[in-house]
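J.: Dumping the structure here so I can ask a few things about it.
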Amino acid sequence: MEATCDQGSDLTEDSAVEHVLDAGVDAPDLTLRATPDQSLSLREVRGCPVVLVFYPADWSAICSDELSIFSAALPLLRKHDAVLLGISVDSAWSHQAFAQEHGLHFDLLSDFESKGAVSRAYGGYDPAAGTSRRALFVIDRDSKIAWRELSPVALNPGADGVLEALDALPADGGAG
Amino acid sequence: MSLLEPPVGDGDRVLGPAAAPITLVEYGDFQCPYCREAEPVLEELLAEYGDGIRFVFRNFPLEDAHPQALPAAEPAELASRYDRFWEAHDLLFEYQDELSPELYARICESLGLPLREFDAAVRNGFDRDRIEADLESGPRSGVNGTPTFFVNGARVDGGIRAVPQALAFAAE
């Protein structure tokens, strides 16, 4: 598959932001393949904060950087008991090879069948490119979206927004 | 906007006058080829800005992708105890193709660092406080790859190619 990170799209960045789910809403549940043999559901990790990293594609230079940064930030995420999940439309086989090649120590989920369904549920799918946009979500312990950010596809957003959002979560996980 | 956190302080590796109006920070990985490519450009920029700029290097070894990145950072930290950080830094990038324990020992030797101290550090583990502080500050600052540059505390997007313009803007 040939998805590249900088294919154009009919949606402008501004209108794309309107589609992305807002903070305060319930995070849609998802069940996706984490490996060719195993699936992972969001409800399995309820009670922990969850960081979702939607990205366009394995194997492109910018994506490698973004996921490597998050992988390097894992110790900081673990201080919050946060679970880190990467999501793209690539197959579980691609994810497996990619994670191994880059030494990533967190699950990459395959939004492959049906294609982009979870990305669409979160409002982060780019139908013109056939890939997810570059979107970050922090989900709190009650499975509500606490923070989210959509980035231009060509820009790696880094982990600082996620870390600040995790710092801001109430310690007891209460909804407020 | 992603901002450097924490700001440049006492523990940092700084090249240039403390009072320089422009501060350029690089988060780098000694095994990263893009960081190596940036070196000659940085050298030119530092020469161009002279006393008007101070340059800071912070470690961001991408350990998973670059297995020698953290081991390479350690002799540089040892060298910094003897005020020879920048020489070690330059040698590590110059000999990036040969990163290995043998190279680190050669570098320490050529810089006149006490070999006994190097051997002890290899046995007991190097002083990693600075490296770990940098590794924590990196994600918090919004490091988004290696190298990531900050001009006067603000992240520069676009790598080394975007740095000359960012510096020119800061100098206005």
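The values are calculated or read from the model by the stated rules, or taken from the named source; none is laboratory data. A quick note: this is a predicted structure, and the numbers were derived from the prediction, not measured. Neighbour counts run over all protein chains shown; Cβ positions are idealised from the backbone, glycine included. Side chains are part of the model used for accessible areas, which takes the heavy atoms of the whole protein and leaves out ligands, DNA and RNA. Shrake-Rupley method; radii C 1.70, N 1.55, O 1.52, S 1.80 Å.
J.: Taking only DSSP H segments of four or more residues, each worth -39500 (n - 2.57), what value at 222 nm results for chain B once the sum is divided by all its residues, to the nearest 500 deg cm²/dmol? Display every interim value, and only then the final one.
T.: Details: 7 runs with 81 residues, N = 172.
Using -39500 (n - 2.57) per qualifying helix, the result is -14500 deg cm²/dmol.
J.: Taking the Cα centre as origin and putting +1 on Lys and Arg beta-carbons and -1 on Asp and Glu beta-carbons, what dipole magnitude results for segment B:1-145, to the nearest 20 debye?
T.: Values: 12 positive and 30 negative charges, 65 e Å.
The dipole of segment B:1-145 has a size of about 320 debye.
J.: With a cut-off of 18 Å, note down the residues of segment B:128-172 whose backbone N falls inside the zone around a label point 7 Å from the Cα of residue B:81 toward its beta carbon.
T.: B:128-133
J.: Let me ask you something else. Which of rounded, prolate, oblate describes segment A:97-142, given a ≥ b ≥ c as roots of the alpha-carbon gyration tensor eigenvalues and a/c under 1.5 marking rounded, otherwise prolate only if a/b is larger than b/c? Walk me through the intermediate numbers first.
T.: Values: a/c = 2.04, a/b = 1.19, b/c = 1.71.
Here segment A:97-142 falls in the oblate category.
J.: While we're on this one: Give or take rounding to whole Å, what are the principal axis extents of the alpha carbon atoms in chain B, in descending order?
T.: That gives 49, 31, 29 Å along the principal axes, largest extent first.
J.: Could you give the distance between the Cα centres of segment B:91-134 and segment A:49-95, to the whole Å?
T.: Measuring centre to centre over Cα atoms gives 31 Å.
J.: I would also like to ask the following. What fraction, in whole percent, of alpha-carbon pairs in segment B:30-105 exceed 13 Å separation?
T.: Working: 1932 of 2850 pairs.
Of all Cα-Cα pairs in segment B:30-105, 68 percent lie more than 13 Å apart.
J.: Right, next: Count the net charge of all other residues whose Cβ sits under 11 Å from the Cβ of residue A:147, scoring Lys and Arg as +1 and Asp and Glu as -1. Spell out each step's value before the answer.
T.: Working: positive: A:144, A:148; negative: A:22, A:140, A:149, A:164, A:167.
Summing Lys/Arg as +1 and Asp/Glu as -1 gives -3.
J.: Angle check, please: helix B:115-124 long axis (alpha carbons) against the longest principal axis of chain B (alpha carbons), in degrees 0 to 90, nearest 10.
T.: 90
J.: Continuing with the same structure: Can you give me the long-range amide H partners of residue B:156? Hydrogens built in the peptide plane at 1.01 Å from N, cutoff under 5 Å, separation of 5 or more residues or another chain.
T.: Hits under the 5 Å cutoff: B:149, B:150, B:151.
J.: I need the P(r) histogram for the protein assembly as shown: all alpha carbon pairs, bin width 10 Å from 0 out to the longest distance, whole percents.
T.: All Cα pairs, binned at 10 Å, distribute as 5, 24, 30, 23, 13, 4, 0 percent.
J.: Pull up the DSSP beta bridges for the protein assembly as shown and report the antiparallel fraction as a percent, rounded to 5. Walk me through the intermediate numbers first.
T.: Working: 29 of 45 bridges.
The antiparallel proportion sits near 65 percent.
J.: While we're looking at this one, here's another question. Counting only residues 5 or more places away or on other chains, whose amide H sits under 5 Å from the amide H of residue A:39 once H atoms are built in the peptide plane?
T.: HN-HN under 5 Å from residue A:39: A:34.
J.: Which order do A:79, A:115, A:144 take when ranked by solvent-accessible area (1.4 Å probe, heavy atoms of all protein chains), largest first?
T.: Details: A:79 140, A:115 95, A:144 70 Å².
Final ranking, largest accessible area leading: A:79, A:115, A:144.
J.: Measure off 7 Å from each Cα along the Cα-to-Cβ vector at residue B:43 and residue A:37, then give the distance between these two points in nanometres to one decimal.
T.: Label at residue B:43, label at residue A:37, 5.3 nm between them.
J.: Amide H of residue A:144: which non-local residues (sequence gap of 5 or more, or other chain) have their own amide H closer than 5 Å, using H built in the peptide plane?
T.: For residue A:144, whose amide H was placed from the backbone, the distant partners under 5 Å are A:27.
J.: Same structure, new question: Extending each Cα 7 Å along its Cβ direction at residue B:100 and residue A:115, get the distance between those two points in nm, one decimal.
T.: Here the modelled spin labels are 4.7 nm apart.
J.: Next question, about the same structure. Can you give me the angle between helix B:33-49 and the longest principal axis of chain B, using Cα atoms only, in degrees from 0 to 90, rounded to the nearest 10?
T.: That helix lies at roughly 60 degrees to the long axis.
J.: From the backbone phi of segment B:57-64, what are the Karplus-calculated ³J(HN,Hα) couplings (6.51 cos²θ - 1.76 cosθ + 1.60, θ = phi - 60°) in whole Hz, Gly and Pro given as x?
T.: 10, 10, 7, 9, x, 7, 4, 5
J.: Could you report the buried accessible area between B and A, both sides summed, computed with a 1.4 Å probe and given in Å² to the nearest 100? Can you show the working numbers first?
T.: Values: alone 8870 and 8420 Å², together 15940 Å².
Chain pair B/A: roughly 1400 Å² of buried accessible area.
J.: If you don't mind, there's one more thing I want to ask. How large is ³J(HN,Hα), in whole Hz, for each residue of segment B:145-151 in order, when computed from phi with the Karplus curve 6.51 cos²θ - 1.76 cosθ + 1.60 and θ = phi - 60°, using x for Gly and Pro?
T.: x, 10, x, 10, 10, 10, 10
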